[in-house]
1. What 222 nm value per residue comes from the helices of the chain, counting each DSSP H run with n ≥ 4 as -39,500 (n - 2.57) and dividing by all residues, nearest 500 deg cm²/dmol?
2. Check which residues have an amide H placed less than 5 Å from residue 2's amide H, if you skip close sequence neighbours.
3. Over the alpha-carbon set of the stretch 1-65, work out the extent along each principal axis and list the three values in angstrom, largest first.
4. How many nm is it between the label spots at residue 15 and residue 73, if each spot is 7 Å from the Cα in line with the beta carbon?
5. To the nearest 20 debye, what charge dipole does the chain have about its Cα centre, counting +1 at the Cβ of each Lys and Arg and -1 at the Cβ of each Asp and Glu?
6. Taking the highest mean first, how do the peptides 74-85, 95-106 order by number of other beta carbon atoms within 10 angstrom per residue?
7. Within the stretch 106-135, what residues put their amide N at less than 20 Å from the label point 7 Å along the Cα-to-Cβ vector of residue 34?
8. Quick check: convex hull of the Cα atoms in the stretch 1-150, volume per residue, rounded to a whole Å³?
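Rule-based calculations on the coordinates, nothing more; no lab input. Treat the numbers as computed from the prediction; the structure is a model and nothing was measured. Backbone-built Cβ (ideal geometry, glycine too); neighbour counts: all protein chains shown.
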Amino acid sequence: MATFEDLKNLLGEPRFLWSDPTPWTELEEELGVRFPEDFRKFSDAYGPVLINNQVDIGHPSAELGNLGRIIRRTIEAWSTAPEDEVPYPVGSAPGELLPWGGSSSGETLFFHVPEEEHENWAIGVYEHDEGTYHEYAMTFNEWMLSYLRGEDMTVCSRNFAPEGPFYAQIS
């Protein structure tokens, strides 16, 4: 199982550590969902962040890269998309796809919200240029570690970080 320490070993020390849980609580109450703990920890440590000049992840406290604004805009944009673009509705309810990030190479990154509390979250990636959706039955940490290692994922980091993973704060 991938850990936050595994991610930190590849990316380096985070430059910013959010500590106030209030913005998370407010966003989760608004959306009616509790984000996976590993995602919250990563976003608190690094967010808002651009990883390998490709994957962007927001944070609910940030002015630029505000996660709540990103989620609301993405859900709104998907509300007009053809129903067969992705296999599940886009939103924050159980069974829906909750957007949490995007990429400069044209992907939207989702959490597939579990139907039941005891079920695991999954990571979904929609490739806009290909019009395809891929789902990975793994945690955020596992998906991010695979991405950072350049493993065979839909969003591949090799072309964007040939010398190894890096990040930049969104400011």
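1. Result for the chain, helices only: -8500 deg cm²/dmol.
2. Amide H neighbours of residue 2, under 5 Å, 5+ apart: 142.
3. 33, 29, 21
4. Between residue 15 and residue 73, the simple spin-label model gives 2.1 nm.
5. 680 debye
6. Averaged packing, sorted descending, gives the order 95-106, 74-85.
7. Answer for the stretch 106-135: 111-123.
8. Convex hull volume per residue, Cα atoms: 113 Å³.
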